[in-house]
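Inspection log for the structure reproduced underneath, given as structure tokens.
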Amino acid sequence: MKISYNVLIISILLICIWFSAIVIKKNVKYKKIFMMLMVSAIAFYLTHITENVMLYNVGRFSDNIIFIERAIHFVLLGQVYSFFAYVMVNIVDHVEYYNMPKRMLLFWPVIILDILILTSQFTHLIIYVQGGILYQGPLFFLTIMLRDAYGLFALVRGYMKRELLPPIFGRSIRMIFGFSVVYLLVYLFTGDDSYSYSIILFELLVLQLALLVVEFYKENITGLFNVEAFNEYIEKHLKREKCKSIYLIKLKNYDYLDDSYSSENLQLVVKNISEILKKSTMISAIFYLGNGRYAMIVGKKENFDEKAFFDNLRENISTPFDFGGAMIQLSLFVAVMNMTNGKINANNFNKYFSACDEMRYRSEDIIEVIQGDSFGIHQLQRYRDVEEAIERALVEKEFKMFYQPIVSTETGKVISAEALIRLNDRILGFISPEEFIPISETNGKILEISEFVIDSVFKFVSDHDIKAYGMKFIEMNLSVVQCMDKNLAEKLEYYLQKYNIDPTQINLEITETATNFDENSLKEQIMNIKKLGFTFSLDDYGTGYSNLVRVLEYPVDIIKLDKSLVWSAFTDNDSFITIKNLISMFHDVRRKLVAEGVESQEQMDSLTEMGCDYLQGYFYSKAVEEMEFVTFVQRFNAGVKLRGIDGGLQQ
Ligand code: C2E
Ligand code: CA
Ligand code: CA
């Protein structure tokens, strides 16, 4: 036995340990076990040396000493292989979410074997020493069998799941497997097993290198795979058609949280969601792409229960997250891209993916799921086209404000008007705000658009003496993103001064959706703006999940019943009664009510009778451009009859 050879082997192992200690990130779950594996391997190798030393000094050691030395040797052998298997499952599975007994399952065989080994000087089952000679007991084969079983299990498990990890990982496993086969052949042909000790070390070295690469592809905050890993994966596997589906999972309020809170807090959330994702599925291919965006890839061979995944996810995400004192309900947007129906392929994947990434959110669900492959390429094109139209309109100043009258049921006169934005693009023609506002909210243009809206509406109030027309105020819509803008109060103040107008002539409409964000800061925002003299309406009441009590927590002056709610009153009796009661209830708490979407005389009469304060709808007029509106109001409030048999719609 060459000393230099042994020194070499041990040096290699020590270098591995040192390297792992530095390179594998602290929070990596298998770091500790991997280090323990390395240390066990060195100890195991040392027992190989002590064995040789003892062999050269036969007769100088008592039976018990020899037994203890050998027992340690075999215990370490089992330890090395069971740790090897454990590291492997830790790399490819989310073992940390199994309960303790399940996690320990892997170790039971080796623990039982250890007990057998350690007692075997008495039981003679595995090994025993008599008269300085080592004998193998009837169960000795267990040590070898278990070693091979652990090794094989680790390699097969790793190989099965290799596709979820960087390619080098799979190759390393094959290499380790190759080493083992070479060893087996050498052993079969020569009967020399001295190679068996160093082979373990070489295999560990390969595993170590593979781990380092895997670590290189990990994202720092979450420990998930990073965006490079995702891109590589996509490039490689899509061509080979190995994916079943790809999930894009986005934290909806990320931008808002990013603006409003410290980065430590944000990192906590990002990490928290990554844990929730891991906990919700045993799939290993989860990526963090940055900016609150995650991706998950499910392979064709994987058994993935989508329903269970969403159930788990919902359960885990539904408790509000403590954001340094503020309790915030996180919500997720999930785009499911099915890769098996032939719609999405390697060539158009990126288009679909970025479309899903930029898609507007449509619901207020805690988890909003859309089928990413359900829309065609032309819909994506439309999205892009509208984005361009928004850009054009901002540059060429093509946005216009229109005004739609709101009539008081008490006086029968126009008391207010809602300012509604209009875009008539020279290429796409008329584009509804319902289409471009949400798009602008996702791509960030909304703040520029809002600036235009504020400027125009304030200018309108400054240009016209609306009091002289018999009006009290103008309603201006605030988008959700705007509500979350920390500088909103400052901006409003700036425009107040610029146009020198009375803030009580402006009423701001916020939607219920906004109340899904951090409640406290929204309330604070509203209070600050109210201090400037503005009043508020709550828009679209009845569309979302309207919680009466919660609505009352917001200091709004007016509630706007959404047109869908209003219309339902005229199609079924229960809704009619509900609305009637809503109106009286809101009156009890000093809120005024606007009914939207009033289109007929019948609706007007009933709503008036129900006690609704203000009415808005095509029955009076659509939103029209500024001067047309002014003419309309002056004539309407002067009592000039505008409504004929056809409703006299002002289009
Ligand atoms: P909204 O705030 O609920 O506005 C009311 C919408 O209902 C307007 O659609 C209006 O034209 C329409 N409407 C009014 N009366 C009737 C009626 O009797 N029947 C029917 N069928 N519809 C009626 P519009 O102008 O297309 O606006 C759609 C949405 O776009 C608005 O919903 C609002 O959320 C958003 N929006 C419009 N202008 C602005 C703006 O300046 N800023 C922001 N942030 N959002 C805006
Ligand atoms: Ca509105
Ligand atoms: Ca509305």
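Pairs to check: Lys102/Lys236; Lys252/Lys563; Lys271/Lys530; Lys413/Lys560. Give those whose C-alpha atoms are more than 30 Å from each other in this structure. Mind dumping the intermediate values first?
On the way: Lys102/Lys236 34 Å; Lys252/Lys563 27 Å; Lys271/Lys530 37 Å; Lys413/Lys560 18 Å.
The answer is Lys102/Lys236; Lys271/Lys530.
Looking at the range 1-150, what % of the alpha carbon pairs are farther apart than 26 Å? Display every interim value, and only then the final one.
Details: 4011 of 11175 pairs.
That fraction is 36 percent.
Hydropathy first: keep DSSP H helices in the chain averaging at least 0.5 on Kyte-Doolittle, then drop any whose Cα extent along the axis falls short of 27 Å, and list what survives.
Numbers: long enough: 3-23 (30 Å, 2.40); 31-56 (38 Å, 1.05); 63-92 (44 Å, 1.29); 141-160 (28 Å, 1.02); 167-190 (35 Å, 1.43); 195-216 (32 Å, 1.86); 377-396 (28 Å, -0.69).
Helices passing the filter in the chain: 3-23, 31-56, 63-92, 141-160, 167-190, 195-216.
Mean residue ellipticity at 222 nm from the helices of the chain, using -39,500 (n - 2.57) per DSSP H segment of n ≥ 4 over the full residue count, to the nearest 500 deg cm²/dmol? Walk me through the numbers before you get to the answer.
Values: 25 runs with 352 residues, N = 651.
So the helix-based figure for the chain works out to -17500 deg cm²/dmol.
Determine the share of the range 398-637's accessible area contributed by carbon and sulfur atoms, expressed in whole percent, with a 1.4 angstrom probe. Could the numbers behind the result be given before it?
On the way: 5140 of 10280 Å².
Roughly 50 percent, rounded to a whole number.
Run the numbers on the range 398-637 and let me know its relative contact order in percent, using alpha-carbon pairs under 8 Å that are six or more apart.
22 percent
Do the alpha carbons of any pairs in Lys351/Lys445; Lys459/Lys580; Lys32/Lys307 sit beyond 28 Å of each other, and which pairs? Walk me through the numbers on the way to the answer.
Numbers: Lys351/Lys445 21 Å; Lys459/Lys580 37 Å; Lys32/Lys307 34 Å.
Over 28 Å Cα-Cα: Lys459/Lys580; Lys32/Lys307.
Per residue, how many Å² of accessible area does the chain show with a 1.4 Å probe? Write down the numbers at each step before the final one.
Numbers: 30600 Å² over 651 residues.
Accessible surface, normalised per residue, equals 47 Å².
Can you give the relative contact order of the chain as a percent, counting alpha carbon pairs under 8 Å and 6+ residues apart?
Across the chain, relative contact order equals 8 percent.
How high is the FRET efficiency from Gln381 to Ala149, r the C-beta distance, R0 45 Å, rounded to 0.05? Display every interim value, and only then the final one.
On the way: r = 57 Å, r/R0 = 1.26.
Result of the calculation: an efficiency of 0.20.
How many nm separate the modelled label positions at Asp259 and Lys491, each set 7 Å beyond the Cα in the direction of the Cβ?
0.7 nm
With point charges of +1 on the Cβ of Lys and Arg and -1 on the Cβ of Asp and Glu, referenced to the Cα centre of the chain, which listed residue (Gln616, Met401, Ser274) lies farthest in the positive direction of the dipole?
Ser274
Dipole of the range 68-194 (Lys/Arg Cβ +1, Asp/Glu Cβ -1, origin at the Cα centre): which of Ala154, Leu118, Ile91 lies farthest to the positive side?
Ile91
What percent does the relative contact order of the range 227-382 come to when contacts are Cα pairs within less than 8 Å and at least six residues apart? Please list the in-between numbers first.
Values: 199 pairs, mean separation 45.9, N = 156.
Relative contact order for the range 227-382 comes out at 29 percent.
So for the range 354-478, what percent of the C-alpha to C-alpha distances run longer than 23 Å? Don't skip to the answer; put the middle values down first.
On the way: 3440 of 7750 pairs.
For the range 354-478, the fraction of Cα-Cα distances above 23 Å is 44 percent.
Pop out the Kirkwood hydrodynamic radius of the range 227-382 from its pairwise C-alpha distances, inverse of mean 1/r, in Å to one decimal. Before the final figure, lay out the partial values.
Working: mean 1/r = 0.0617 Å⁻¹.
Taking every pair of different Cα atoms in the range 227-382, averaging 1/r and inverting gives 16.2 Å.
When the dipole is taken about the Cα centre of the range 227-382, and only Lys, Arg (+1) and Asp, Glu (-1) are charged at their Cβ, what size is it in debye, to the nearest 20?
Numbers: 20 positive and 21 negative charges, 152 e Å.
Around 740 debye, computed over the range 227-382.
Evaluate the distance, in nm, between pseudo-label points positioned 7 Å from the Cα of Val181 and of Glu609 along their respective Cα→Cβ axes.
It works out to 8.8 nm between the two label points.
In the range 287-352, carbon and sulfur make up what percent of the accessible area (probe 1.4 Å)?
45 percent
Suppose every K and R has +1 on its Cβ and every D and E has -1 on its Cβ; what is the size of the dipole of the range 2-215 about the Cα centre, in Debye to the nearest 20? Could you put the intermediate results ahead of the total?
Working: 16 positive and 12 negative charges, 138 e Å.
Taking the Cα centre of the range 2-215 as origin, the dipole is about 660 debye.
Normalise the Debye intensity by I(0) for the range 462-603, one equal point scatterer per Cα, no solvent, then take log10 at q = 0.11, 0.18, 0.19 Å⁻¹ and round to two decimals.
The computed values of log10 I(q)/I(0) come out as -0.46, -1.09, -1.17.
At 7 Å along Cα-to-Cβ for each site, give me the label-to-label distance between Leu14 and Asn312 in nm.
4.4 nm
From Cα coordinates alone, what are the radius of gyration and Dmax values for the range 398-637 in angstrom?
17.3, 50
List the aspartates and glutamates whose Cα lies under 15 Å from the Cα of Lys2, skipping any in the same chain that are fewer than 8 positions away.
Leaving aside aspartates and glutamates fewer than 8 places away in the same chain, those within reach of Lys2 are Glu51.
Hey, which aspartates and glutamates would be in cross-link range of Lys29, C-alpha to C-alpha under 19 Å, not counting anything within fewer than 8 residues on its own chain?
Asp93, Glu96, Glu215, Glu219, Glu275
Taking the Cα centre as origin and putting +1 on Lys and Arg beta-carbons and -1 on Asp and Glu beta-carbons, what dipole magnitude results for the range 398-637, to the nearest 20 debye? Display every interim value, and only then the final one.
Numbers: 23 positive and 39 negative charges, 111 e Å.
Approximately 540 debye in magnitude.
I want to verify the translational diffusion coefficient of the range 147-304 in µm²/s; compute it with Stokes-Einstein, Rh as the Kirkwood radius over Cα pairs, at 10 °C and 1.306 mPa s.
The Stokes-Einstein estimate is 89 µm²/s.
Based on the alpha carbons, how large is the Rg to Rh ratio for the chain when Rh follows Kirkwood?
On the way: Rg = 35.6 Å, Rh = 30.2 Å.
Checking Rg against Rh, the ratio lands at 1.18.
The values are calculated or read from the model by the stated rules, or taken from the named source; none is laboratory data. Quick caveat, the model's predicted, so the values are computed rather than measured. Neighbour counts are summed over all protein chains in view; Cβ atoms, including those assigned to glycine, are modelled from backbone coordinates with ideal geometry. Accessible surface areas use protein heavy atoms only, side chains included; no ligands, DNA or RNA. Shrake-Rupley method; radii C 1.70, N 1.55, O 1.52, S 1.80 Å.
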